[in-house]
């Protein structure tokens, strides 16, 4: 009599149990953030007004995952969302829509140029007293736009700064609010 045949159902059952445990363990595994994605800061709702005023909107991004565990699916979707935000050059991310397997968000770059005098770079009209490019040109001035990237900033003699904290960005970066007369 062959002993192998009697043990075959037991081995088969054990292999199936091990395979099932392995699949379950892998479905609960979570992804780790890459170094660039780990630098992307998540924004709270309270920070969005400052962010929209002082930072550059880059793109709508999505993150998705599939997992048997809803908490793992959410974590992996958030990781994918942050990776996609980092890929487009974002420094900040607001998660605004989604469920466990699919998340959507808005990616922002919160960076600015610091002039050699230590102040934030701002758009201005040289040679005239105007607050926008058209009025500057009419008055014979030269419109100097704000530096929106590292190369332009450094060409102006400034230092490009990536900001961690939206609330600490210079107020000069927010567009001037129009005064309403009554």
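Considering the range 112-166, its Cα convex hull presents a mean projected area of 4.3 nm². A simple spin-label model places pseudo-atoms 7 Å from Cα toward Cβ; at residue 151 and residue 33 they are separated by 2.9 nm. Once the Cα-Cα distance is subtracted from the 0.36 nm per residue extended length, the residue 44 to residue 124 segment shows a gain of 25.6 nm. For residue 96 and residue 115, the difference between the fully extended length at 0.36 nm per residue and the C-alpha to C-alpha distance is 3.4 nm. Extending 7 Å from the Cα toward the beta-carbon at both residue 171 and residue 132 defines two label points whose distance is 2.3 nm. The convex hull built on the alpha-carbon positions of the range 35-109 has an orientation-averaged projected area of 4.5 nm². Taking other C-beta atoms within 10 angstrom as a stand-in for reagent exposure, 75, 92, 60 fall in the order 60, 75, 92, fewest first.
Since every read-out is calculated from the coordinates, none of them should be taken as a lab result. These numbers were taken from a predicted model, which means no experiment stands behind them. Ideal geometry is used to build each Cβ from the backbone, glycine not excepted, and the neighbour counts take in all protein chains shown.
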